[in-house]
Amino acid sequence: MSFSRGSRKIFDNISLDIPRGKVTAIMGPSGTGKTTLLKLIGGQLKPDQGSICMDGNNVHELSRKDLYRLRKRMGMLFQSGALLTDINVFDNIAYPIREHTDLDESMIRSLVLMKLNAVGLRGARDLMPSELSGGMARRVAMARAIALDPVMVMYDEPFTGQDPISMGVLVNLIRSMNQSLHLSSIVVSHDVPETMSISDHIYLLSGGKIVAEGAPDALTNSDDPWTQQFIAGQPDGPVPFHFEAEPVMQDLLQE
Amino acid sequence: MLDKLQLIGQKQLAIISRLGQATVFLYQILLTMPGVFIRPSLIVKQLYSTGVQTLVIILVAGTFVGMVLALQAYYVLVDFGAEESISQMVVLSLMRELGPVITGLLFAGRAGSALTAEIGLMKSTEQLSGMEMMAIDPMQRVMAPRVLAGFMALPILTAIFMAVGVLGGYLVAVHGVGIYEGVYWSLAQAKVDFYTDLMNGMIKSVVFGLVIVWIAVFEGHDSVPTSEGLGQATTRTVVHGSLAVLGLDFLLTALMFGDI
């Protein structure tokens, strides 16, 4: 699959598999198009070439009605949480259930409380999104992502900007929900230790290509210098510390 | 020289392209409109935020405009001994022009800017994308109720503006400059034609309402999701909305009252 924004090539003929029932991580430096990849999978963007298939359906050849039907089987956790700010936590989670089912309110209440209980926020049901901490907002968004019992959940930078406790909670939740709900998870992140601790398979993206892939252990032991620099967080290496410029002495001595 | 021509051409093409995008956007909203009627609570909520919350500014502005009109009419008419015709001038000005136009301008500033800011913020915080991914069409749930509510709210606000304007004029004419109360009301009643004056004014307000909310929701949806982009979109809504009201007012007046 290839995708460009204007003249800038974001993905250059990449190919990847997301196995059912596993946690697959997409990692890479900022600006490599990780979030764009999730939008392509969700059908919000269209690739220039190639195709994206989910359960045998080519996402971009589906009619709007069929795409919406497919999206009911996908959950997505946005980086910002994307909670609707004018309704409370309970109504945010009830929103997709009310829209897509004919369940009565008592059943919806039970479902919402179960989803909230799974993320540990049953007691926060009456709070407004503005009253939640960043970690809590992401957990509520996680509960909303699983509201319709999807088969696949996509997590966009779930650990960014989280304190260690919230980070630990989110790491644990992603792994445990994947197992208990028999989900297929895609985690897009550049938080290396957290993502590696829960992933079954990792794709490393850079410059529009997949530069490495494999199980977390295999990537940790990789000899590839770029992979090593990214995983170990080394400041200098194949990705240089300095932005391209003339030599420092020459630059300093110039008038 | 060629560069300048090229630049002008590019700008013209950009404007036409944007107009096309806005038209397609409105068409998409209109397609989803039947679904909005199934959920009247969405329309009621938007009627409150676009209509009820604009009411105070309309009441205050309407009263003062009516009072000023009466005062100015008195200063002019008294020289000809025709000051008893104040009500005719106040009522006709309000119903034909000032009612729909000033209400439209205030609506663009108050409700239009709020709509753009709200939708722009929903876009920048990924709420619209979130709805899309929940298989919920934001056109139907977010845009269409707002367009419909704005379209319904402006004629009602215009009618209220006209009514309080006439009352404001009454205050100045009867209690301020001493025109006989019966003359004020009877002349107002006798000289106003329901179709020519009142209905034409209301038709204007319906057109203005649709255009203002169309501009407001399009600018919000099309805004660059940054604080600067949102500010620019809000400004564009007020500027384009106000200019559209004034431009369309001329066009509609020419069609309704003139022989152009």
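The values are calculated or read from the model by the stated rules, or taken from the named source; none is laboratory data. Everything numeric in this text was worked out from a predicted model, so none of it was measured. Positions of Cβ are generated from backbone atoms using ideal geometry, with glycine treated the same way; all protein chains shown enter the neighbour counts.
So if I check each of A:GLY42, A:GLY21, which one is within 30 Å of A:LEU113 (Cβ to Cβ) and at the interface with chain B (Cβ under 10 Å from one of its Cβ atoms)?
A:GLY42
Only one of (1) closer than 26 Å to B:GLU132 by Cα; (2) among the polar types (S, T, N, Q); (3) in a helix (DSSP H, G or I) fails for A:THR160. Which number is that?
(3) is the only condition that A:THR160 fails.
Please specify each residue of region B:105-121 satisfying the condition of being surrounded by 24 or more Cβ atoms within 10 Å (Cβ to Cβ) and within 14 Å of chain A (Cβ to nearest Cβ).
B:LEU115, B:ILE119, B:GLY120
Return yes when A:ARG64 is farther than 20 Å from B:VAL36 by Cα, of a type outside the set (A, V, I, L, M, F, W, C), surrounded by fewer than 19 Cβ atoms within 10 Å (Cβ to Cβ) and within 10 Å of another protein chain (Cβ to nearest Cβ) and no when it is not.
In short, no.
Considering each of B:VAL147, B:VAL101, B:VAL142 in turn, give the residue that is within 29 Å of A:PRO96 (Cα to Cα), buried (at least 21 other Cβ atoms within 10 Å of the Cβ), more than 14 Å from chain A (Cβ to nearest Cβ) and modelled with pLDDT of 90 or more.
Just a single option satisfies the conditions, and that option is B:VAL147.
I'm trying to understand the selection: among the residues of region A:209-255, which are over 18 Å from A:ALA25 (Cβ atoms) and either touching a residue at least 12 places away in the same chain (Cβ under 8 Å) or in contact with a Lys or Arg (Cβ under 9 Å, 6 or more places away or on another chain) (or both)?
Selection gives A:PRO225, A:GLY237, A:PRO238, A:VAL239.
Name every residue in region B:1-23 that is among the charged types (D, E, K, R) and more than 24 Å from the chain's Cα centre (by Cα), in order of residue number.
Answer for region B:1-23, where residues must be among the charged types (D, E, K, R) and more than 24 Å from the chain's Cα centre (by Cα): B:ASP3, B:LYS4, B:LYS11.
Name the residue that is nearest to A:LEU111 (Cα to Cα), counting only residues in region A:142-164 that are acidic (Asp, Glu) and touching a strand residue (DSSP E or B) at 6+ places or on another chain (Cβ under 8 Å).
Among those that are acidic (Asp, Glu) and touching a strand residue (DSSP E or B) at 6+ places or on another chain (Cβ under 8 Å), it is A:ASP156.
Within region A:119-133, is even one residue hydroxyl-bearing (Ser, Thr, Tyr), under 29 Å from A:PRO164 (Cα atoms) and surrounded by fewer than 19 Cβ atoms within 10 Å (Cβ to Cβ)?
yes
From the list A:THR195, A:THR160, pick out the single residue that is within 15 Å of the chain's Cα centre (by Cα), surrounded by fewer than 19 Cβ atoms within 10 Å (Cβ to Cβ) and under 27 Å from A:MET114 (Cα atoms).
A:THR160
Looking only at region A:1-27, which residues are buried (at least 18 other Cβ atoms within 10 Å of the Cβ) and more than 28 Å from A:HIS182 (Cβ to Cβ)?
A:PHE3, A:ILE10, A:PHE11
Look through region B:122-139, keep the residues that are touching a residue at least 24 places away in the same chain (Cβ under 8 Å) and more than 9 Å from chain A (Cβ to nearest Cβ), and return whichever of them is farthest from B:PRO225 (Cα to Cα).
Looking at residues that are touching a residue at least 24 places away in the same chain (Cβ under 8 Å) and more than 9 Å from chain A (Cβ to nearest Cβ), I get B:MET139.
For region A:28-51, which residues satisfy the criterion of being farther than 19 Å from B:SER129 by Cα and surrounded by 19 or more Cβ atoms within 10 Å (Cβ to Cβ)?
Listed by number, the residues that qualify are A:GLY28, A:THR32.
What's the total number of residues in region A:71-98 that are more than 9 Å from every other protein chain (Cβ to nearest Cβ) and polar (S, T, N, Q)?
Final tally of qualifying residues: 2.
Output yes when any residue across region A:56-71 is modelled with pLDDT of 90 or more and closer than 30 Å to A:SER133 by Cβ, and no when none is.
yes
Do you know which of the residues in region A:143-160 that are of a type in the set (Gly, Ala, Ser) and touching a helix residue (DSSP H, G or I) at 6+ places or on another chain (Cβ under 6 Å) is nearest to the other protein chains (Cβ to nearest Cβ)?
Looking at residues that are of a type in the set (Gly, Ala, Ser) and touching a helix residue (DSSP H, G or I) at 6+ places or on another chain (Cβ under 6 Å), I get A:ALA147.
Working carefully through the options B:LEU26, B:LEU55, find the one that is hydrophobic (A, V, I, L, M, F, W, C), under 30 Å from B:VAL172 (Cα atoms), at pLDDT 90 or above and surrounded by 13 or more Cβ atoms within 10 Å (Cβ to Cβ).
B:LEU55
Could you count how many residues in region A:1-19 are in contact (Cβ under 8 Å) with a residue 40 or more places away in the chain, over 13 Å from A:LEU205 (Cα atoms), assigned to a loop (DSSP other than H, G, I, E, B) and over 18 Å from the mean Cα position of the chain (by Cα)?
Qualifying residue count, region A:1-19: 1.
Residue check, A:GLN229 against (1) in contact with a Pro (Cβ under 8 Å, 6 or more places away or on another chain); (2) of a type in the set (S, T, N, Q); (3) modelled with pLDDT of 85 or more, all met but one. Which one?
Going through the list (1) in contact with a Pro (Cβ under 8 Å, 6 or more places away or on another chain); (2) of a type in the set (S, T, N, Q); (3) modelled with pLDDT of 85 or more, A:GLN229 breaks only (3).
Looking at (1) assigned to a loop (DSSP other than H, G, I, E, B); (2) over 15 Å from A:TYR203 (Cα atoms), which is the only condition A:SER222 fails?
That leaves (2) as the condition not met.
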